[in-house]
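Before any comments, here is the structure.
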Amino acid sequence: MLKNQRGFTLIEMMIVLLVISVLLIITVPNVTQHNSKINSKGCEAFIQMVQAQVQAYEMDHKELPASVQDLADKGYMNENQLTCQNGDEIVISAEGKVKSASASPSS
């Protein structure tokens with residue numbers, strides 16, 4: 001009357017958990033190691049977006065904005081996002097070039 005029910009044994013479950021643990025041990029440090037690169041790439045993309053907004057502002061108003069705050073005041077940017085995700089401040093030079101305030105002068 002009793003059916004032979006097959007299932008996973010405790011040892012098989014432990015082996016599966018061991019394999020998953022090893023994969024996590026390998027991948028998690030690799031992801032956290034590249035976190036600073038990810039943030040810098042995100043900041044570079046944000047700077048390019050702000051540069052496009054500066055050009056749009058210049059076409060509409062026939063002058064360059066004095067600061068990122070001017071872009072936000074005129075509706076070209078979101079008021080809540082005037083800095084990079086890593087906290088670096090964005091500045092606009094007198095020539096209309098956008099860069100991070102913490103960027104080196106050579107970049």
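Couple of notes before you dig in:
- Residue within the range 58-71 that is modelled with pLDDT under 85, part of a loop (DSSP other than H, G, I, E, B) and loosely packed, with under 14 Cβ neighbours inside 10 Å present: no
- Filtered residues of the range 74-107 (kept if acidic (Asp, Glu) and either in a loop (DSSP other than H, G, I, E, B) or at pLDDT 90 or above (or both)): 79, 88, 95
The values are calculated or read from the model by the stated rules, or taken from the named source; none is laboratory data. Computed from a predicted model, the values in this text were never measured in an experiment. Counting neighbours? That spans all protein chains shown, and the Cβs are built from the backbone with ideal geometry, glycine included.
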